[in-house]
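All remarks here apply to the structure that follows.
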Amino acid sequence: MNAPASKPSATGLPVAIRDLRKSFGEQPVLKGVSFDIRAGEVFVLMGPSGSGKSVFLRHLIGLETPDGGEIRIGGELATSEDIGSKFHLAIVFQSGGLLNSLTVAENVGLYLTEHRLKPREEIDRVVTEKLALVKLDPGVGAQFPNELSGGMRKRVAIARALVGDPQLVLFDEPTSELDPLVALTIGREILNLNERTGATCVVVTHDRDLAFGIADRIGFLNAGELVVLGTPAEIRASPHPLLQQFLAADFHPQ
Amino acid sequence: MFQNLGEMLLLLAATLRAIPRAWRDRRKVADQLFDIGNASLFMACMLSLFIGGVLALQTGPVLVQRGLGSSLGGLVALGMCKELAPVMMAVLIAGRIGSAMAAELGSMRVYQEIDALRTLNIDPVNYLVMPRVLAIAIALPCLVVFANLVGWTGGALVASFNDRISVTWSAFFGNLRSVVEFSDLLNGLIKSFFFAVVIGVVSCHQGLTTLGGPRGIGRSVTKAVVNSLVLILLLDYVLTRLLLPLDNGWRF
């Protein structure tokens with residue numbers, strides 16, 4: 001995978017993170033993280049397990065309240081009550097987060113159905129279109145999420161995130177538990193989404209191949225601190241010992 | 001404990017605020033009603049039949065010995081409609097429906113389905129809690145009416161067929177009609193409505209606050225049932241005391 005050479009005029013939202021702090025009990029998880037995510041870019045936050053990546057992502061979508069600092073999405077505080085009505089944000093959870101009591105089609109069309117944004121026939125059309133975008137057969141729409149493979153569930157979750165044309169899409173470990181071929185497909189879907197809509201994509205992962213394959217810029221988070229930030233080339237060239245250790249970690253049987 | 005109570009009161013307030021959406025979400029409410037009826041009607045029938053029968057069997061011989069056999073219908077009927085039907089149906093619904101609700105919402109919380117709803121700008125209280133609480137609040141009083149009818153029938157059957165009682169069907173129901181007033185039925189229905197709200201709110205609260213994996217879901221289910229039962233019994237005393245003035249009400 002290669003990041004696209006040219007981007008469409010960005011409709012994505014910029015994100016500004018300033019001195020973000022969060023602790024669970026006595027355990028600090030984010031220790032004053034500050035950086036900017038540019039409108040329309042694919043930003044990958046990489047780091048080892050337990051470094052605070054997913055907690056960071058949950059702050060972006062307003063599922064966690066920070067102990068200190070702030071996040072502004074398109075200039076608005078991420079914690080504000082009406083951010084959901086001003087901008088359309090979407091997240092693809094590590095587990096997919098699909099509602100198991102609904103069919104795939106009902107899951108994908110949930111946003112439109114619940115907010116009564118379109119008539120029934122139009123929703124059916126949008127659902128078919130979004131499923132096609134992630135290369136899923138319309139027949140899958142009648143199935144329930146627990147009847148699908150892990151890769152298909154992830155793609156359905158991406159299709160659901162695409163409904164309503166979000167301006168900021170967050171991906172939490174999108175390739176975890178997937179084989180390399182399906183992981184490659186998911187990576188391509190993220191790039192396609194970004195190219196087609198110009199939405200800002202924030203991807204949290206510890207998958208190095210995915211990160212270097214899709215990112216415009218990469219941040220490396222370790223123990224709740226952002227230690228390096230730059231383009232994939234700058235990240236590879238960084239002398240930071242933790243980062244180099246993370247990038248060089250491979251299994252070599254004795 | 002007080003934090004839990006506070007959270008439950010807030011959830012109740014949010015659920016009441018969501019009630020105007022009920023007509024819009026009538027399909028969700030109807031689905032829940034269907035599930036509740038499907039899961040509990042047969043059990044309610046068996047439970048009520050035997051409670052009515054046992055009540056007649058316990059009190060019938062004593063009343064007959066003292067020449068008060070003709071009062072059996074009224075005694076069984078009052079016992080059923082004012083106390084046993086509302087409490088036993090509430091216990092049944094807490095165990096069968098409340099536990100299932102806590103498990104379902106707990107699993108949705110653990111597997112990030114609730115978070116997914118929030119990110120789609122869908123309020124979980126509107127989408128999940130209100131239809132469930134409303135469905136229980138409609139279903140439980142209906143079940144109590146059903147339990148009364150079946151329980152009275154159970155009592156009448158035992159009264160007429162047991163040799164030590166031998167109160168005829170017509171004498172049983174004749175006494176029942178002269179003793180039971182509409183206010184007695186209303187008493188049980190009012191109680192059951194409040195029990196239903198308690199079961200719905202407690203179970204949904206436990207589900208929505210589930211932490212951890214499958215063990216967390218198990219803990220939530222246990223807490224939902226135990227807390228519901230404790231609150232039902234406490235509330236039973238309070239409501240019985242508050243509803244005493246109804247005893248001078250309309251005749252049935």
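Note down the net charge around B:Lys28, summing +1 for each Lys or Arg and -1 for each Asp or Glu among other residues with Cβ under 10 Å from its Cβ.
Details: positive: B:Arg21, B:Arg24, B:Arg26, B:Arg27, B:Arg132; negative: B:Asp25, B:Asp31.
Spelling it out: positives minus negatives among the neighbours equals +3.
Build a GNM of chain B with springs between Cα atoms under 10 Å apart, and of B:Asn175, B:Asn38, B:Asn126 the one that fluctuates most is B:Asn38. Computed over protein heavy atoms with a 1.4 Å probe, the accessible surface of segment B:83-160 works out to 27 Å² per residue. Chains B and A: buried accessible surface, both sides, probe 1.4 Å, rounded to 100 Å²? It comes to approximately 1700 Å² buried between B and A.
Helix B:99-110 and the longest principal axis of the Cα set of chain B meet at an angle near 0°. Annotation: aspartates and glutamates with alpha-carbon distance below 12 angstrom to B:Lys82 (same-chain offsets under eight excluded): B:Glu181, B:Asp184, B:Asp236, B:Asp247. Can you tell me the FRET efficiency between A:Asp137 and A:Thr185 if r is taken as the Cβ-Cβ distance and R0 is 25 Å, rounded to the nearest 0.05? After rounding, the FRET efficiency stands at 0.95.
Between segment A:96-120 and segment B:6-52, the C-alpha centres lie 23 angstrom from each other. The residues of segment B:91-113 listed by number as losing at least 20 Å² of accessible area in the complex, against the isolated chain and with a 1.4 Å probe, are B:Tyr111, B:Gln112, B:Glu113.
Longest stretch of chain B clear of exposed loop sites (trypsin sites (Lys or Arg not before Pro), DSSP loop, at most 12 other Cβ atoms within 10 Å, sites excluded): B:67-163. Summing Cβ point charges (Lys, Arg +1; Asp, Glu -1) relative to the Cα centre of segment B:80-239 gives a dipole of roughly 280 debye. Compared with its chain on its own, segment A:99-113 contains the following residues whose accessible area drops by 30 Å² or more in the full protein assembly (probe 1.4 Å; ligands, DNA and RNA excluded): A:Leu99, A:Leu110, A:Tyr111. Label 7 Å along Cα→Cβ of B:Gln65; segment B:132-171 residues with amide nitrogen under 18 Å? Only B:159, B:162-167 fall inside the zone, counting backbone N under 18 Å. The angle between the Cα long axis of helix A:150-162 and the longest principal axis of the Cα atoms of chain A comes to about 80 degrees, rounded to the nearest 10.
The count of lysine pairs in chain A with alpha-carbon distances below 13 Å, taking only pairs 8 or more places apart or on different chains, stands at 4. Label A:Leu242 and A:Glu129 with points 7 Å out from Cα along Cα→Cβ: what is the distance between them in nm? Each label point lies 7 Å from its Cα, and together they span 4.4 nm.
The values are calculated or read from the model by the stated rules, or taken from the named source; none is laboratory data. All values derive from a computational prediction rather than experimental measurement. All Cβ positions, even for glycine, are placed from backbone atoms using ideal geometry, and neighbour counts span all protein chains on display. The accessibility values were calculated without ligands, DNA or RNA, using every heavy atom of the protein model including side chains. Shrake-Rupley method; radii C 1.70, N 1.55, O 1.52, S 1.80 Å.
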